[in-house]
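Bear in mind these aren't lab numbers, they're just calculated from the coordinates by the rules spelled out. Note that this is a predicted model, so its numbers are computed, not measured. A quick note on method: Cβ atoms are made from the backbone with ideal geometry, for glycine too, and the neighbour counts reach across all protein chains shown.
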Amino acid sequence: MWRVGKVVALHDETSTARTITLEVPDWPGHVAGQHVDVRLTAPDGYSAVRSYSIASAPNHESRVGITVERLSNGEVSPYLTQEVAVGDQLELRGPIGGWFVWRTEQTEPVQLIAGGSGIVPLMSMIRSRVSAGTTAPFRLLYSVREPGAILYRDELQALSDRDHSVSLTYAFTRAAPKDWSRPPGRIDAALIAKTTWPSNLGPTSYVCGPTPFVESAASLLSASGNSPDKIRTERFGPTGDRK
Amino acid sequence: MSIVSRGFSGRRSATDATLPPGQYLTTDFPVLSAGPTPHVPLDRWEFTIKEGTDVLRRWDWKSFRELPAETITADLHCVTRWSKLGTSWEGVPLDTIFAGVRTNSSYAMMHSYGDYTTNLPLVDLMKKQAWIAFRFDGKDLAPEHGGPARLLVPHLYLWKSAKWVRGMTLMPEDKPGFWEGLGYHIYGDPWREQRYSGA
């Protein structure tokens, strides 16, 4: 069933990523980690559909926020990040997905590992934790190209300053800030050992990002003693156009 | 009736006509799995057919690879909307796997290393519609794409083509597998766009 959402806010997160907030009157509610399908339709009836992770926490205002990264060869993402205006209507279907989700009833430690725009569904989990006021301890390991590519930077910083049960580690792959202790590079076993929950605490891990990133991070978690059934993954391919 | 998106023209290509509704073409091979990739050593690999508590058939890697295999060219359609056309595989048809098996069951639950499951009607596995595939594009199947061996049932959405298969259980009634129990369609025909249950 396709629903109609009205664009009520637009926010540029970086030079290539934009958050679109939709008001969807008949929205049934969602769980952090789920995604929606968005459909665009041309005047002649041609349509294109892509999936986007929900960035916003579940709420009572029938609002759904998605953050879309513009892909240079994309068909849908350039429209969503450059053309869409406040007041436009967009069609969407969802929420979809019941596996890569974090529910506010979960009390075990949570390990989030994001690669690039893979942060989006994990941000929904963090926001969901905040709005529900629960105390499940969260750790986020966020691998990103360079400081300028960080999504939700200020919000994440404010949150981890205010609440020490949400800890935040960045790993820069291409360019790190000047005084950064770790040289630019991919996530490796040493970083996993130093910054993620010890496996004997029984954390549930959520790993989201491009396929090679997820393959690598999930294998490292598994190798460090985490049970595979406690590691949930969501991958997107280079042409997947999915956050 | 869909709403026209102001200023959207889209990017059409000649191949769109040959794709199931709502799909777009890709030339790479994206990976979608719910968890880490299992690595299954060949000397511990096995494939079984069970019904209730009975084991009807069992193969180890050596006896499985002695079964006659064939090359397959197939179009793949993923529920996340990418399609990949003309992919090349090598595998054993399920007709061969089932040879001599007598059953009154009408459905099968596929089981994978890593505990993934997916359900299929038995008729969809017969008549050269499904294979246990172990080579892709002339090479041994990589673990992230389901190696050592995966189900290939290309006329259904790709989540039905379970990776890392270890066996199947025959069932008198249809029951949902992993994704089918999480909101995805019980059957999953891409040409009828059966993506989600009731959505």
Which order do B:Trp179, B:Trp45 fall in if you start with the one that has the fewest other Cβ atoms within 10 Å? B:Trp45, B:Trp179
Go through B:Tyr196, B:Trp82, A:Ala171 and say which Cα lies farthest out towards the positive end of the charge dipole of the protein assembly as shown; charges sit on Cβ, +1 for Lys and Arg, -1 for Asp and Glu. A:Ala171
Residue order, fewest to most surrounding Cβ atoms within 10 angstrom, among A:His35, B:His145, A:His11: A:His11, B:His145, A:His35
Relative contact order (percent) for the stretch B:46-192, with alpha-carbon contacts under 8 angstrom and 6 or more residues of separation? 27 percent
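At most 12 other Cβ atoms within 10 Å and a DSSP loop assignment: could you name the trypsin sites (Lys or Arg not before Pro) in the stretch B:95-199 that fit?
Values: sites: B:Arg102, B:Lys127, B:Lys128, B:Arg135, B:Lys139, B:Arg150, B:Lys160, B:Lys163, B:Arg166, B:Arg192, B:Arg195; in loops: B:Arg102, B:Lys127, B:Lys128, B:Lys163, B:Arg195.
Those satisfying the criteria are B:Arg102, B:Lys127, B:Lys128.
Over the stretch A:3-96, what is the relative contact order in percent, taking alpha-carbon pairs closer than 8 angstrom and at least six residues apart?
38 percent
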Using the Cα centre of the stretch A:3-96 as origin and beta-carbon charges of +1 (Lys, Arg) and -1 (Asp, Glu), tell me which of A:His60, A:Gly45, A:Gly87 is placed farthest towards the positive end of the dipole. A:His60
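Would you mind ranking B:Glu70, A:Glu234 by Cβ crowding within 10 Å, fewest neighbours first?
B:Glu70, A:Glu234
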Please give the Cα centre distance for the stretch A:127-192 versus the stretch A:10-82, rounded to the nearest Å. 24 Å
Helix-only [θ]222 nm of chain B, DSSP H runs n ≥ 4, -39500 (n - 2.57) each, per residue, nearest 500: -1000 deg cm²/dmol
Which entries of B:Lys62/B:Lys127; B:Lys62/B:Lys128; B:Lys50/B:Lys175; A:Lys230/B:Lys175 show an alpha-carbon separation above 18 angstrom in the structure shown? B:Lys62/B:Lys127; B:Lys62/B:Lys128; A:Lys230/B:Lys175
Along principal axes, largest first, the alpha-carbon spread of chain A in whole Å comes out as 54, 37, 32
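Given a Förster radius of 45 Å and the C-beta distance between A:Met1 and B:Ser105 as r, what FRET efficiency does 1/(1 + (r/R0)^6) yield to the nearest 0.05?
It comes out at approximately 0.85.
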Given the C-alpha centroids of the stretch B:134-199 and the stretch B:63-98, what is the distance between them in whole angstrom? 12 Å
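Any number yet on Rg/Rh for the stretch B:46-192, C-alpha, Kirkwood? Please report the intermediate quantities before stating the final value.
Values: Rg = 14.2 Å, Rh = 15.3 Å.
Across the stretch B:46-192, the Cα-based Rg/Rh ratio is 0.93.
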Using Cα pairs closer than 8 Å and at least 6 residues apart in sequence, work out the relative contact order for chain A, in percent. 20 percent
Hey, if you put +1 on the Cβ of every Lys and Arg and -1 on every Asp and Glu Cβ in the protein assembly as shown, which of B:Ser13, B:Trp164, B:His39 ends up farthest toward the positive end of that dipole? B:His39
Rounded to one decimal in nm, the spacing of the 7 Å Cα→Cβ label points at A:Trp180 and B:Asp54 is 6.2 nm
Quarter of Cα convex hull surface for the protein assembly as shown, i.e. mean projection, nm²: 22.2 nm²
Looking at the stretch A:110-236, what % of the alpha carbon pairs are farther apart than 23 Å? 25 percent
